[in-house]
Amino acid sequence: TEACLKAIEDAGALNAFVHKTPELAMERAAAADTRLKAGDAPAMCGLPVGIKDLFCTKGVESQAASAILDGFKPEYESTVSQQLADAGAVMLGKLNMDEFAMGSSNETSTYGNVVNPWRRGNDDAPLTPGGSSGGSASAVAADLCLAATGTDTGGSIRQPAAFTGITGIKPTYGRCSRWGIIAFASSLDQAGPMTKSVRDAAIMLEAMCGHDPKDSTSADLAVPNFEAMLTGDIKGKKIGIPKEYRMEGMPGEIEQLWADGAAMLKDAGAEIVDISLPHTKYALPAYYVIAPAEASSNLARYDGVRYGQRASLAQGDGITEMYEKTRAEGFGPEVQRRVMIGTYVLSAGFYDAYYNRARRVRTLIKKDFEDVFAQGVDAILTPATPSAAFGLGEMTDADPVQMYLNDVFTVTVNLAGLPGISVPAGVDKQGLPLGLQLIGRPWEEGDLLNTAYALE
Ligand code: GLN
């Protein structure tokens, strides 16, 4: 814990940790020492971790990297961060992210962007760590903590993991309680671990999972010992390669990475089969209707009354001006864009044309996966992202749709509620890490982790 706290101070330029809790960390580390000495050590006893700013942590700022939650210190602890503490993990502080987890580059944060510890060859230009869990990814990749929590609504664990050369898993929707995690799009949001290895991911995921009566979508299922399932034996497993993910204009090195990954799994005894997920091309548009729709509803609670900041008002301002000024000042441009899109697609005149249609598309996407699993496919292999990490500022000024396109391989998994993992699988020509994604059957994270283990 001391070494990590020092590393965090030395790596301030990465802007990964936005609220540090050194006293609390040293207290928890001392408690972990006592438990270790007493021979009563839980799975993560004394392991220093970082927690994404989206998780409510009791008495510690929890702002979802938004100005509208300035100074918000919850009186409660999220179920997942509580379970990690119960497993002995030591929280070092809160990690930077895109505002309300909306973004793919960690540039929408009220605290400013995060820097990726990796560089393109000899070029010093700073790169994005991806998003929205960019602080988590950067902190783990730069050894500021042993592991971190992330959340994934449309790729926010897997894409930053791929951009920084670490492992990140989004479990099946319902595996981890969402209670106490600031909501973005409730039907898509899931927490998961971001770690240095598949084994670490297995250990941490087990600590994070479990039924929680406080989240009505949390699954009442036993949590397996994921670590014990890492045998590396994948003989006879059927791995699907979906043809729709072979996008036009895909860089040669991503094609190569994908082919190498398939070859590696084949060498380990898996059977590689071509599959089709015909509705893939509708996933991104459906996601960018559903996620903003849910976000606009979830973010209605930030009204200047119940949480965080209220704008200063002029003489004669009424309640409408109070809402308008508070929300205009408190939300950044990307969040405002999402609220506007969401409100529009949910409005009476457009609900059927956009929101309902997107929901139907979502059902078809889910069915594509069900059909493939019914054919005996155990896992699906795809690239995690269409490129390696891009430069800071490279995408922000462009059309926002360019940024959304980054999520093309990851959003399907959230729409279908499936588990997905990104594992580091190689580097591009400039030495930047690239990730491969494996998508598994619902509730079979153990098998998925084991297949990823064979790729590691
Ligand atoms: N990049 C996606 C978005 O901006 C995904 C975000 C996430 O998974 N939290 O919505």
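The values are calculated or read from the model by the stated rules, or taken from the named source; none is laboratory data. Bear in mind that the values here come from a model prediction, so they are computed numbers and not experimental data. Cβ sites come from the backbone with ideal geometry, for glycine too, and all protein chains shown count toward neighbours.
Quick notes
- Qualifying residue in the range 242-255 (condition: closer than 17 Å to Asp447 by Cβ and either in contact (Cβ under 8 Å) with a residue 60 or more places away in the chain or of a type in the set (D, E, K, R) (or both)): no
- Failed item, numbered, when Ala222 is tested on (1) away from the ligand (no atom under 16 Å from the Cβ); (2) assigned to a loop (DSSP other than H, G, I, E, B); (3) in contact with a helix residue (DSSP H, G or I) (Cβ under 7 Å, 6 or more places away or on another chain); (4) over 30 Å from Glu75 (Cβ atoms): (3)
- Every test in (1) without any contact (Cβ under 8 Å) to a residue 12 or more places away in the chain; (2) away from the ligand (no atom under 16 Å from the Cβ) is passed by Asp428 save one, and that test is (1).
- For the range 256-307, a residue qualifies if it is assigned to a helix (DSSP H, G or I), acidic (Asp, Glu) and touching a residue at least 12 places away in the same chain (Cβ under 8 Å), and the qualifying residues are Asp260, Glu294.
- Selection within the range 277-311 - among the hydroxyl-bearing types (Ser, Thr, Tyr), modelled with pLDDT of 95 or more and away from the ligand (no atom under 16 Å from the Cβ): Thr280, Tyr282, Tyr302
- Residue check for Leu205: under 22 Å from Tyr173 (Cβ atoms), away from the ligand (no atom under 16 Å from the Cβ) and outside any loop (DSSP other than H, G, I, E, B): yes
- Single residue of the range 316-332 satisfying the filter (in contact (Cβ under 8 Å) with a residue 24 or more places away in the chain and in a helix (DSSP H, G or I)) that is nearest to Thr110 (Cα to Cα): Gly330
- All conditions in (1) crowded, with 24+ Cβ neighbours inside 10 Å; (2) more than 13 Å from the ligand (Cβ to nearest atom); (3) closer than 21 Å to Arg337 by Cβ hold for Ser104, with the sole exception of (2).
- Filtering the range 88-101 to residues that are hydrophobic (A, V, I, L, M, F, W, C), within 16 Å of the ligand (Cβ to nearest atom) and in contact (Cβ under 8 Å) with a residue 60 or more places away in the chain leaves Leu95, Phe100, Ala101.
- Residue that is surrounded by the fewest Cβ atoms within 10 Å (Cβ to Cβ) [pool: residues in the range 107-124 that are within 14 Å of the ligand (Cβ to nearest atom) and not small (Gly, Ala, Ser)]: Glu107
- Search result, residues across the range 140-169 that are more than 9 Å from the ligand (Cβ to nearest atom), over 21 Å from Gly180 (Cβ atoms) and not polar (S, T, N, Q): Val140, Ala141, Ala142, Asp143, Leu144, Leu146, Pro160, Ala161, Ala162, Phe163, Gly165, Ile166
- Meets criteria (of a type in the set (Lys, Arg) and not in a loop (DSSP other than H, G, I, E, B)) for Lys214: no
- The lone criterion from (1) more than 16 Å from the ligand (Cβ to nearest atom); (2) assigned to a loop (DSSP other than H, G, I, E, B) left unmet by Gln83 is number (2).
- Given (1) surrounded by fewer than 24 Cβ atoms within 10 Å (Cβ to Cβ); (2) closer than 19 Å to Phe17 by Cβ, number of the condition Thr149 does not satisfy: (1)
- Any hit, the range 222-245, residues being closer than 27 Å to Ser186 by Cβ and surrounded by fewer than 16 Cβ atoms within 10 Å (Cβ to Cβ): yes
- Selection within the range 178-202 - more than 16 Å from the ligand (Cβ to nearest atom) and of a type outside the set (Lys, Arg): Trp179, Gly180, Thr195, Ser197, Val198, Asp200, Ala201, Ala202
- Filter result for the condition that a residue is touching a residue at least 40 places away in the same chain (Cβ under 8 Å) and crowded, with 24+ Cβ neighbours inside 10 Å, over Gly440, Gly391: Gly440
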